[in-house]
1. Of the residues B:37, B:8, B:83, B:33, only one is charged (D, E, K, R), crowded, with 16+ Cβ neighbours inside 10 Å and either farther than 30 Å from residue A:151 by Cα or facing chain A (nearest Cβ under 7 Å) (or both); which?
2. Would you check if there is a residue in the stretch B:63-71 being within 9 Å of chain A (Cβ to nearest Cβ), free of Cβ contacts under 8 Å to residues at least 40 places away in the same chain and assigned to a loop (DSSP other than H, G, I, E, B)?
3. In the set A:172, A:186, which member is within 27 Å of residue B:67 (Cα to Cα) and not small (Gly, Ala, Ser)?
4. So is residue B:19 within 11 Å of chain A (Cβ to nearest Cβ), of a type outside the set (S, T, N, Q) and either without any contact (Cβ under 8 Å) to a residue 24 or more places away in the chain or exposed (fewer than 15 other Cβ atoms within 10 Å of the Cβ) (or both) or not?
5. Check every one of the helices (runs of 4 or more DSSP H) wholly within the stretch A:138-253 and list those with 1 or more residues that are modelled with pLDDT of 75 or more and within 32 Å of the chain's Cα centre (by Cα).
6. Report the residue count in the stretch B:1-25 for those that are more than 22 Å from residue A:121 (Cα to Cα), of a type outside the set (Val, Ile, Thr) and touching a Gly at 6+ places or on another chain (Cβ under 9 Å).
7. Evaluate the following for residue A:96: is it of a type outside the set (A, V, I, L, M), modelled with pLDDT of 85 or more and either in a helix (DSSP H, G or I) or touching a strand residue (DSSP E or B) at 6+ places or on another chain (Cβ under 7 Å) (or both)?
8. Do we find that residue B:55 is at pLDDT 90 or above and of a type in the set (Gly, Ala, Ser) in this structure?
Amino acid sequence: MAGLSGRLSTVVKAKISKMLDRAEDPSETLEYSYQKQMELLQNVKKGLADVVTAKKRLQLQSQKLEQQVVKLDTQARQALAAGNEALARTALERKSAVQAELQGLDGQIAELESQQQSMTDNQAKLQSKIEAFRSKKEVIKAQYSAAEAQVRISEAATGVGEEMADVGLAMQRALDKTENMRARAQAVDELEKAGAFEDLTQLGAGEDDIDRQLKELSSGSQVDGELERMKAELAAGGSSAGELGSGGEERQA
Amino acid sequence: MIVRIATEGQYRLADDLIGRVNALDNEAVAAVEAGDEARFLDLFGQMISLIRAEGAPLPEDELHGSDVIVPPPDTSFDEARHEFSGDGLIPD
């Protein structure tokens with residue numbers, strides 16, 4: 001066959017063909033293959049629901065982390081205003097870690113969004129193909145001799161079969177990605193449970209495991225820079241700094 | 001000539017464009033073999049863009065097997081590499 005010298009394409013095509021060859025003669029098992037198509041359609045719908053659930057979970061987490069960023073930023077300012085640079089640094093280190101996590105989450109939400117879109121498209125496309133197959137099958141049977149009809153139905157069945165294999169592949173990839181994201185969402189939940197995002201003011205003075213972990217996550221220079229910026233801001237607006245200072249002292253109580 | 005971008009859909013492509021797709025495909029494979037991820041991603045991206053830009057999407061009520069099936073647009077370098085060691089995108 002012409003045009004099959006491209007090797008990546010050749011490998012993929014060969015594999016999809018092999019998947020199709022495993023099926024029985026499609027013209028003999030039309031009803032069976034129609035049932036298979038319906039099953040696949042059901043699976044796509046289920047897969048879509050999984051993607052939507054995963055996305056909602058990540059969105060909730062993302063909102064929580066955003067609030068956390070604001071809180072840690074405020075706490076850093078308060079600590080600095082109160083003259084506690086070490087605590088301000090800890091807050092900024094946490095903020096930087098939370099921001100990194102947030103960035104990852106946002107990227108994943110966007111990816112799930114596009115997964116959801118393409119699965120919806122795939123579902124619609126598969127449905128149209130199945131409909132086309134069903135009506136074409138009847139037309140072909142009516143118009144052609146038995147032998148000719150068999151060839152034509154076979155070609156149409158190959159088209160549907162390839163579409164099914166492809167939708168199956170798309171769904172598998174979408175679900176694999178969703179699974180990865182679920183693992184990540186779980187990791188964030190666990191960090192939260194371990195107290196990584198706890199209110200800093202409720203922490204003791206001693207450095208715990210979480211602090212050490214977070215420090216490894218956040219880049220020191222970024223924190224240094226932000227600390228300097230905050231100091232400069234505080235120096236510029238002296239009155240508000242005094243006001244915030246009381247917040248920092250509450251922490252000591 | 002009917003080309004499928006796996007996980008995306010089928011396109012009808014003029015025969016003379018197939019040569020360009022194949023050339024990019026072969027170069028992409030060479031990049032994989034050379035371990036050059038950036039080059040692979042660039043070439044593979046060009047290949048997908050070319051098909052999307054020059055091909056006409058096949059109407060949804062047309063049922064044909066494809067002459068060429070290119071891997072999913074989001075194929076990673078690792079996946080492409082594994083594709084040639086047997087445990088790639090599509091299970092054997």
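1. From the options B:37, B:8, B:83, B:33, the qualifying one is B:83.
2. yes
3. Sole residue among the options that is within 27 Å of residue B:67 (Cα to Cα) and not small (Gly, Ala, Ser): A:172.
4. Answer is yes for this residue.
5. Working: elements: A:146-193, A:209-217, A:220-236, A:238-252.
Qualifying helices (runs of 4 or more DSSP H): A:146-193, A:220-236.
6. Of the residues in that region, 9 qualify.
7. So residue A:96 fits the description; yes.
8. Yes.
The values are calculated or read from the model by the stated rules, or taken from the named source; none is laboratory data. From a predicted model like this one, the values you see are computed outputs, not experimental measurements. Note: ideal-geometry Cβ built from the backbone for every residue, glycine included; neighbour counts use all protein chains shown.
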